[in-house]
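Presented below is the structure to which this report refers.
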Amino acid sequence: MTPRTGKWTDERFDALLGNVLRWGVIAAGTVVALGAVVFLIRHGSERPLYQVFRGEPSDLKTVPGIVGDAWGGRGRGLIQLGLLLLIATPVARVILSIGIFTLQRDRRYVLITLVVLTVLLYSVFGPYL
């Protein structure tokens, strides 16, 4: 916002959205790297068994399971949480855009951004509906 008018300038808007993306990717990368270190410390010396297929553990197939594993300091849970943060970053950017376009009273862009948000959410949650 500019001090005199209280309105969002394009430069301020772009800077805010850029920071959301930047810090979201940095946070996601940090969590994934931390998870990789924890995983390698605990399992780095194990020999892989390629004759036996072991799928993803069931606790890593849901958001509460991923958060629980990450909170417990498990490497796979931290890696999965980092990936969830990476997926959530553009969604947060779109939600922030809707808010700013609403403050600017720009109905056209609010509508367009709501469509984008709907497509994003459907691409993430559609298979579970």
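The values are calculated or read from the model by the stated rules, or taken from the named source; none is laboratory data. Everything quoted here is computed from the prediction, not taken from an experiment. Note that each Cβ is placed from the backbone with ideal geometry, even for glycine, and that neighbours are counted across all protein chains shown.
Worth a mention:
- Members of the range 102-119 found to be modelled with pLDDT under 90 and surrounded by 15 or more Cβ atoms within 10 Å (Cβ to Cβ), listed by number: none
- For the range 102-127, residues that are assigned to a helix (DSSP H, G or I) and over 22 Å from the mean Cα position of the chain (by Cα) total 6.
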